[in-house]
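Down below is the structure, laid out as structure tokens.
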Amino acid sequence: MPELPEVETVKRTLNELIIGKKIERVSVHLPRIIQRPADPEVFAAMLEGHTFEGVARRGKFLRLLLDGLVLVSHLRMEGRYGVFRSDDPVEKHTHVIFHFTDGTELRYKDVRQFGTMHLFLPGEEWVNPPLNKLGLEPLDEDFTLERFRAVLAHRKGKIKSLLLSQLYVVGIGNIYADEALFAARIHPERTADSLTRPEWKRLHEAIIHVLQEAVKQGGSSIKSYVNGQGEMGMFQQQLAAYGREDEPCMRCGKRIRKITVAGRGTHYCPNCQRRKKRLAR
């Protein structure tokens, strides 16, 4: 958390709030947030005088586009951005502040302190970490069933674990993996190479549908997530599996179970998502 729908919502919000704003100076209060360049003072100096021109997304990463620079930001578990007046009180755990020439500020707050920022010249971000080894973008037109199967169908790992890995498909975290597998009626511990062609089709459609619906609702506010305007997401009201341990399944009435897969709490219906022996595709 945040996952693709939440990051997409933050992207859209920041595009409304910071485009055209010119950076006067940057304050870094937690140096380890800055990963590139290694020296936070150099990071701050490089950004002075530059203007935000747009905000894009790649998986769970934000790409903040400036005139001549690209800032790649990963919110990790609890990172958040907000725009404030310069005289507004600075909240605790605010680690990076972009001071604008118009008297406003873009502030990055991160209670868990796991977020990262990398600064690149345009184009460099694609051939360097953290963006250089990411998988398919599930809301892009080229996320076809054929490409989805090509990267995963031969793998022997558990399907839930593979969906959480950003090497094959990006942006799917714990919440939306559970929701997509529930919608596709696939047990989270099934191995990828055991899925049939109809199951791959259902899963592909479920991933797209779940993510699109979550984006429409502004994401899911399970813990502390809010967008750049401080607004909560509402998709948590539609969750069918995640967080519903011991509640009745919305399809069959059986109790939702919780197990651990890839170190993450995993919710599924033992009736709708049954484990099966390997079947020929």
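Taking a straight Cα-Cα cut-off under 13 Å and skipping sequence neighbours fewer than 8 places away in the same chain, the aspartates and glutamates within cross-link reach of residue 254 are 245, 246.
Contact order for the chain, expressed relative to its length and based on alpha carbon pairs under 8 Å spaced 6+ residues apart, stands at 18 percent. Under 17 Å of direct C-alpha separation, and excluding same-chain neighbours fewer than eight residues apart, residue 21 reaches these lysines: 11. By the Kirkwood approach, averaging reciprocal distances over each pair of separate Cα atoms, segment 99-180 gets a hydrodynamic radius of 15.7 Å. Using Cα-only point scatterers and the Debye equation, what is log10 of I(q)/I(0) for segment 145-268 at each q in 0.16 Å⁻¹, rounded to two decimals? Per q value, in the given order, log10 I(q)/I(0) is -0.78.
Any chance you could tell me what percent of the C-alpha pair distances in segment 4-126 go past 17 Å? Cα-Cα pairs of segment 4-126 separated by over 17 Å account for 53 percent. If R0 equals 51 Å, the separation of the Cβ atoms of residue 155 and residue 48 corresponds to a calculated FRET efficiency of about 0.65.
If you build the convex hull over the alpha carbons only and average its shadow over all orientations, what do you get for segment 65-201? Give it in nm² to one decimal.
10.7 nm²
Using a Förster distance of 22 Å, how high is the FRET efficiency between residue 90 and residue 112, based on the Cβ-Cβ distance and rounded to 0.05? It would help to have the intermediate numbers written out before the result.
Working: r = 18 Å, r/R0 = 0.83.
My answer for the efficiency is 0.75.
Could you work out which residue, out of 118, 154, 204, moves most in a Gaussian network model of the chain, that is, has the largest mean-square fluctuation with Cα springs under 10 Å? So, out of 118, 154, 204, the one fluctuating most is 154. The label-point distance for residue 133 and residue 102, in a model that sets each label 7 Å from Cα toward Cβ, rounds to 4.0 nm.
Extending 7 Å from the Cα toward the beta-carbon at both residue 76 and residue 251 defines two label points whose distance is 3.6 nm. List the pairs from 22/109; 109/201; 133/156 whose alpha-carbon separation is above 28 Å, in the order I gave them. From 22/109; 109/201; 133/156, over 28 Å: 109/201. Listed by chain and number, the aspartates and glutamates whose C-alpha is less than 13 Å from the C-alpha of residue 160, apart from same-chain residues fewer than 8 away, are 178, 179, 189, 193. In this simple spin-label model, placing a label point 7 Å from the Cα along the Cα-to-Cβ direction at both residue 141 and residue 16 gives a separation of 2.7 nm.
Using Stokes-Einstein with the Kirkwood hydrodynamic radius over Cα pairs, what translational diffusion coefficient do you get for the chain at 10 °C and a viscosity of 1.306 mPa s, in µm²/s rounded to a whole number?
80 µm²/s
Quick note: the coordinates plus some simple rules give every number you see, no bench work behind them. On a predicted model such as this, the values are computed, not experimentally measured, just so you know. Positions of Cβ are generated from backbone atoms using ideal geometry, with glycine treated the same way; all protein chains shown enter the neighbour counts.
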